[in-house]
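Student: My questions all concern the structure below.
The values are calculated or read from the model by the stated rules, or taken from the named source; none is laboratory data. Everything numeric in this text was worked out from a predicted model, so none of it was measured. Glycine also receives a Cβ, built like all others from the backbone with ideal geometry; neighbour counts cover every protein chain displayed.
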Amino acid sequence: MEVVIAPAEELAVLAADAIEALLRRRADTVLGLATGSSPLKVYDELARRHAEEGLSFAEARGFMLDEYVGLDADHPERYRNVIATEIAERVAWPAERVQGPDGLAADLPAACAAYEEAIRAAGGVDLQILGIGTDGHIAFNEPGSSLASRTRIKTLTKQTREDNARFFDGDVDRVPTHCLTQGLGTIMDARHLVLLATGRHKAEAVHQLVEGPVSALWPATVMQLHPHATVLVDEAAASRLQLADYYRQTYASKPSWQGL
Ligand code: F6R
């Protein structure tokens, strides 16, 4: 696992560089998309590169991590709509090439199985962007999630609903109680995991993710078992890392040809 500690703007550029390198190598790259605040600067940087440098998403495929259950099709916080606004429409990504789990399906387990099959049929995810919850979730795999889990319905914790109330006018009662989420096993199938975290409120989760024992109590710790995982954090999110100096030293002496 590689840990890079840098200001948020630099982290966004690093993540965008990795995505651009993939897209330039193979136009039909498969990207895994996260919602929430953490990837927003990356999406801004990709939108800039699309507008100013012609970076094309026309043949790429996108798979979202998760979706709330039961939000109306036109609800602005429905993740499908968030992804359309934050990234897909800004880079002229054809709508049919970006998919998410269907939180409005009449048969939710069947929708989850179909989503797993769609990812498989696309050849799997090349690079998965991730954020982390203050309780250590990735996607919406809350504490206690099976480390081998696949796409399924989950109940959101009180903590996650409180954290996300800011997107619902601060009203926790308006945050859905359930979601469909890629499982930890699904995420672990992606070929490269790139997690972004900024702010002191993420420091404990980041410490556990990188340095804690692998445990369902801190679901993101499963990433320690991934052969290609990159953790991009600012100083505040890195503030509880025991080996922060070593991570800094390693990154400072990294050969420039290596990339993330
Ligand atoms: C969203 C997702 C979540 C968020 C996490 C952090 O698709 O999968 O795991 O990444 O809740 O959210 P932010 O980035 O808003 O702090």
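Student: Report the residue count in the range 201-213 for those that are loosely packed, with under 15 Cβ neighbours inside 10 Å and out of contact with any Asp or Glu (no Cβ under 9 Å at 6 or more places or on another chain).
Tutor: From the range 201-213, those loosely packed, with under 15 Cβ neighbours inside 10 Å are 201, 213; that's our starting set.
Filter once more, so that each one left must be out of contact with any Asp or Glu (no Cβ under 9 Å at 6 or more places or on another chain): 213.
Number satisfying all stated conditions: 1.
Student: Looking for whichever is small (Gly, Ala, Ser), under 20 Å from residue 206 (Cβ atoms), touching a Phe, Trp or Tyr at 6+ places or on another chain (Cβ under 9 Å) and within 16 Å of the ligand (Cβ to nearest atom) here; the options are 12, 6. Which one fits? If you could, list the steps in order and put the result at the bottom.
Tutor: Details: 6 fails: within 16 Å of the ligand (Cβ to nearest atom).
Answer to the check: 12.
Residues are listed down the side, and each one gets a yes or a no for (1) within 15 Å of the ligand (Cβ to nearest atom); (2) in a helix (DSSP H, G or I); (3) in contact with a Ser or Thr (Cβ under 7 Å, 6 or more places away or on another chain):
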{"residue": "58", "(1), (2), (3)": "no, no, no"}
{"residue": "62", "(1), (2), (3)": "yes, no, no"}
{"residue": "73", "(1), (2), (3)": "no, no, no"}
{"residue": "88", "(1), (2), (3)": "yes, yes, no"}
{"residue": "96", "(1), (2), (3)": "no, yes, no"}
{"residue": "105", "(1), (2), (3)": "no, no, no"}
{"residue": "112", "(1), (2), (3)": "no, yes, yes"}
{"residue": "116", "(1), (2), (3)": "no, yes, yes"}
{"residue": "123", "(1), (2), (3)": "no, no, no"}
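Student: Ok, one more. Can you tell me which residues in the range 21-45 are crowded, with 22+ Cβ neighbours inside 10 Å, within 12 Å of the ligand (Cβ to nearest atom) and either modelled with pLDDT under 95 or not in a loop (DSSP other than H, G, I, E, B) (or both)?
Tutor: 32, 33, 42, 43
Student: Of the residues 111, 16, 92, 84, which is over 21 Å from residue 223 (Cβ atoms), surrounded by fewer than 22 Cβ atoms within 10 Å (Cβ to Cβ) and without any contact (Cβ under 8 Å) to a residue 40 or more places away in the chain? Walk me through it before giving the result.
Tutor: On the way: 111 fails: without any contact (Cβ under 8 Å) to a residue 40 or more places away in the chain; 16 fails: over 21 Å from residue 223 (Cβ atoms); 92 fails: without any contact (Cβ under 8 Å) to a residue 40 or more places away in the chain.
Sole residue among the options that is over 21 Å from residue 223 (Cβ atoms), surrounded by fewer than 22 Cβ atoms within 10 Å (Cβ to Cβ) and without any contact (Cβ under 8 Å) to a residue 40 or more places away in the chain: 84.
Student: Considering the range 138-152 alone, what residues qualify as being in contact with a Ser or Thr (Cβ under 8 Å, 6 or more places away or on another chain) and at negative phi? Before you say what the answer is, go through the steps one by one.
Tutor: Step one: list which residues in the range 138-152 are in contact with a Ser or Thr (Cβ under 8 Å, 6 or more places away or on another chain), which gives 139-143, 149-152.
Once the filter is applied, which keeps residues that are in contact with a Ser or Thr (Cβ under 8 Å, 6 or more places away or on another chain) and at negative phi, the range 138-152 yields 140, 141, 142, 143, 149, 150, 151, 152.
Student: Still on this structure: Please find, within the range 46-56, the residue that is farthest from the ligand (Cβ to nearest atom) out of those that are among the small types (Gly, Ala, Ser) and not in a loop (DSSP other than H, G, I, E, B).
Tutor: Taking the range 46-56 as the starting set, the residues that turn out to be among the small types (Gly, Ala, Ser) are 47, 51, 54, 56.
Narrowing further to those that are not in a loop (DSSP other than H, G, I, E, B): 47, 51.
On the way: 47: 18, 51: 24 Å.
Restricting to residues being among the small types (Gly, Ala, Ser) and not in a loop (DSSP other than H, G, I, E, B), the top hit is 51.
Student: Out of all the residues in the range 114-141, which are acidic (Asp, Glu) and surrounded by fewer than 22 Cβ atoms within 10 Å (Cβ to Cβ)? Steps first, please.
Tutor: Taking the range 114-141 as the starting set, the residues that turn out to be acidic (Asp, Glu) are 116-117, 126, 135.
Scanning the range 114-141 gives 116, 117, 135.
Student: Collect the residues in the range 53-98 that are more than 17 Å from residue 43 (Cβ to Cβ) and in contact with a helix residue (DSSP H, G or I) (Cβ under 6 Å, 6 or more places away or on another chain), keeping them in residue-number order.
Tutor: 67, the sole residue that qualifies.
Student: Is there any pair with a first residue in the range 234-260 that is at pLDDT 95 or above and a second that is among the hydroxyl-bearing types (Ser, Thr, Tyr) and assigned to a helix (DSSP H, G or I) whose Cβ atoms are under 8 Å apart and which are 6 or more apart or on different chains, and what are they?
Tutor: What qualifies is 238/247; 241/247.
Student: Which count do you get for residues in the range 173-192 that are farther than 19 Å from residue 118 by Cα and in contact (Cβ under 8 Å) with a residue 12 or more places away in the chain? Can you show your working first?
Tutor: Here is the first cut: in the range 173-192, the residues farther than 19 Å from residue 118 by Cα are 173-178.
Next, only the ones that are in contact (Cβ under 8 Å) with a residue 12 or more places away in the chain stay: 175-178.
The total comes to 4.
Student: Something else now. Here are some conditions: (1) more than 12 Å from the ligand (Cβ to nearest atom); (2) farther than 19 Å from residue 30 by Cα; (3) out of contact with any Leu (no Cβ under 8 Å at 6 or more places or on another chain). Residue 92 meets all but one. Which one does it not meet?
Tutor: Here residue 92 clears every test but (2).
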